[in-house]
Structures are given as C-alpha cells and as structure tokens.
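Everything on this sheet refers to the single structure shown next.
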Amino acid sequence: MHYSHKKNDAKAKKIGLIVNPVAGMGGAVGLKGTDGKAILKQATSLGAKPVSSIKAKAFLSELTSFEVDLKLVLGAGNMGEYDAASYGLSFSVLGKRKKETSAADTIKTAEKMVNAGVFLLVFCGGDGTARDVLHAVGTSIPVLGVPTGVKMHSAIFAFSPKAAARVVVRFLYEGLPLKEAEVMDIDESAFRKGYVSGALYGYLLTPYEPHLIQANKLASPVTQSEMRNQVAISLYIIEKMKPDSVYIIGPGTTTRTIGDLLDLKKTLLGVDLYCNKRIMKNDVNETQILNAIKGKSVKIIVTPIGGQGFIFGRGNQQISPQVIRKVGLENIIVVATESKLGGLNALRVDTGDPILDTAFRERKMKVLADYNKEYEMQVE
C-alpha cells in the first residue's frame, strides 16, 4: 500500500525508535519482569532469550510494507540500529554502541531524540521502559509503545508490533489526534511474591487510535456478584476435569478461584500445573511446562486481561508458542466473568509468533462466563 503525501509531508518527519534489548526476557522463564541487573542475570541463567529484537523487526517489516518515505532516528547498536540495518530505510544513529544497556541509556537516548526534532518517538519495551521514556520526554513529543515486555499495563502500547506500524503510518498521513495516556507500573519484587502494587507514574502523549492501541489494564471488581460468578465458573471447570490430564492454569483472580475451591493455593500472578485436582507445581516457567506435559493429555485455562482482552502475550509468556502448539488451540479453555466480558469487544493474542497469532484469529474462541454458560468471541 502506498500513501500519497498530504500537506504534512512525511519526508520532513523523523521517527525515533528505541529498543530495550532486555525487555521481555523474564517472561518465558517465569520471572514476571526484567528490571535490574540481578533479575536479568537470573533470567539469562534460566535460558531466557531476547524478544525485543524480534518484535522490533516485526514492527519495521510492517512499516516498510507501506512503502512510505521515512527518516528513522535510532538508538545505537542493539537499541535499534542493528534491527533496522537490513530494511533499506534511511536512518541516523544517536549515542554509542554498548554491549550492555540500562535504563539510563534509554533516558539519555530519548532526550537526544527530542533535541533531534523527532515527530514521533516509538519504543520497544514494557512498562519499565515506558517510565524511562516518560522521565526523558514528558509530554513534549508524541510517544508510542511496541509491546515487548512482560508487564504492559500502560495505555501507551499498540496491540502488536504490526498494529504499531499501522498507527505510525496513520499518524503521519491521516493526522490522528493525540491523547494523554496513563503510564502504569508495578513493583516487580512484590509481583513475584504474588502481590500487585501498582502506581500511576504520569502521562505520555500518544496517537488516539482505540482499535490499534490498548487501554490500561482494569482490575476485576471485588463485589459479591463478581465472586459468585467466579465460583460458578470454577465449579464447572472442576466438575469437568479429566483424570490424569494436566491443566496449565494461567494468572488471574478467576483462575485462582479454581485453586481456592480445591483447597489448594493457586498463585495469583503465576502459571501453575494441576493434575487429578492436585497441584503438580506452582509458578512454573516454559521449560518446566514442556517437561511436565510430555505424553500427557493437556488443557490450558486462561482468563483475558480486563479492559484489554489479551489471553496470551501479556503476563503469561510462560505459556509460550511452543507450549500452545503442543497443547493445541482446541484444548484452550478461556474463562471470564460477565462483568469482564462486558468491557471487551474481542479477545486478543500477541504471542510473538505471527503464524500462531493468525491461527487464533481465524477462529472464534468459546468463553466460559458462568456455570455451563458459554459465549463465542472473535480473536483479534
């Protein structure tokens, strides 16, 4: 597709791109984030692989498919330069290449991009990276997040790398309006212990495109009707559990109720394995899941994120594309209360595997919303 130039000629527009090379590495290994050198070292020791570069390339690949004239301003080395080198785009580089980068490098590079006059700053990372960008630019320039982290509760992220590219093109050529978007983050150390301690850190300006950019995460309401609904869903799940089958149960208050009714402690924010209505292992990572399900009948039980609709790719990266393929899409059980479904128009996936994401989008998923009560929902 080729967009004709309008009065705001895109040739005069610079797009900044900063990649946080370690964002998301704590997901598949079950660390729920990668903030700080100690956690990064632990993630690496557990076999964590970089994911930001893959998603940055997906963003750039989609961007080049529009055949638009762009001038990219990139972070040096693995902060964007290496990822863009093979796409034939015009770019300049800020800063010096470094083997290891930190939050300070993100902040410094973002500040330089403001001084360089970028029209829109795009970053690849999670909530921690969003905080760093907020610290650097405030509301001085528009910002858009490409989701590559573990935690993405902020309202600054496109639904996927491809969606981010579409927002960039529409912003340049169609003049999307701007809005103030919340930058949220949680205390990772508390998160790993099963407690959510979130805070609003401020606002970034971002293009307004609700069909391509996520809302901030909404917590489930604590009401009697909500809890009754969760109990009804969980009772039905328990009654239908098959002997000797392994159940991979994702994070969330609805899924935690399954453990409560079995009188077993389910981790609120981790992925747990159940078999014969007993816990096999709490808070597992991708490798542990793959080892546990060999030769077994397996089901995955997940609940969508409130206000966003993601069933995979946000906070449950332990249930990786490899795990999902081994289990099969037909063996995925989605559960959500009526009130949560009322705030969603679709389910969403961002597994990092484009072929798998397409397979999800080619089908509708059944959602268990009460005792023996299901709805069908489209996946986007």
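The values are calculated or read from the model by the stated rules, or taken from the named source; none is laboratory data. Predicted model only: the values in this text are computed from it and were never measured. Reconstructed Cβ throughout: ideal geometry from the backbone, glycine too, with neighbour counts over all protein chains shown.
Of all the helices (runs of 4 or more DSSP H) wholly in region 48-150, which have at least 1 residues that are more than 19 Å from Arg166 (Cβ to Cβ) and charged (D, E, K, R)?
Per the criteria, 81-84, 103-115, 127-137.
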Inside region 350-369, can you point out the residues that are over 19 Å from the mean Cα position of the chain (by Cα) and surrounded by 15 or more Cβ atoms within 10 Å (Cβ to Cβ)? Met365, Val367, Leu368, Ala369
Check whether at least one residue in region 276-288 is in the same structural domain as Asn331 (by TED's automatic domain parsing), farther than 30 Å from Ala164 by Cβ and crowded, with 20+ Cβ neighbours inside 10 Å, and report yes or no. yes
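Only one residue in Leu347, Leu329, Leu341 is surrounded by fewer than 16 Cβ atoms within 10 Å (Cβ to Cβ), in contact with a strand residue (DSSP E or B) (Cβ under 9 Å, 6 or more places away or on another chain) and in the same structural domain as Leu368 (by TED's automatic domain parsing), so which one is that?
None of the others qualify; the one that does is Leu329.
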Any hit, region 91-101, residues being within 25 Å of the chain's Cα centre (by Cα) and not aromatic (Phe, Trp, Tyr): yes
Taking region 151-178 and keeping residues closer than 19 Å to Gly126 by Cα and part of a strand (DSSP E or B) leaves Phe157, Ala158
Scanning region 250-287 for residues that are among the polar types (S, T, N, Q) and more than 18 Å from Ile332 (Cβ to Cβ), which turns out farthest from the chain's Cα centre (by Cα)? Asn276
Leu89 versus (1) farther than 19 Å from Ile141 by Cβ; (2) buried (at least 19 other Cβ atoms within 10 Å of the Cβ); (3) of a type outside the set (Gly, Ala, Ser): which is the lone unmet condition? (2)
Being among the acidic types (Asp, Glu), in contact with a helix residue (DSSP H, G or I) (Cβ under 8 Å, 6 or more places away or on another chain) and modelled with pLDDT of 90 or more is the filter here, so list the residues in region 55-108 that pass it. Glu62, Asp83, Asp105
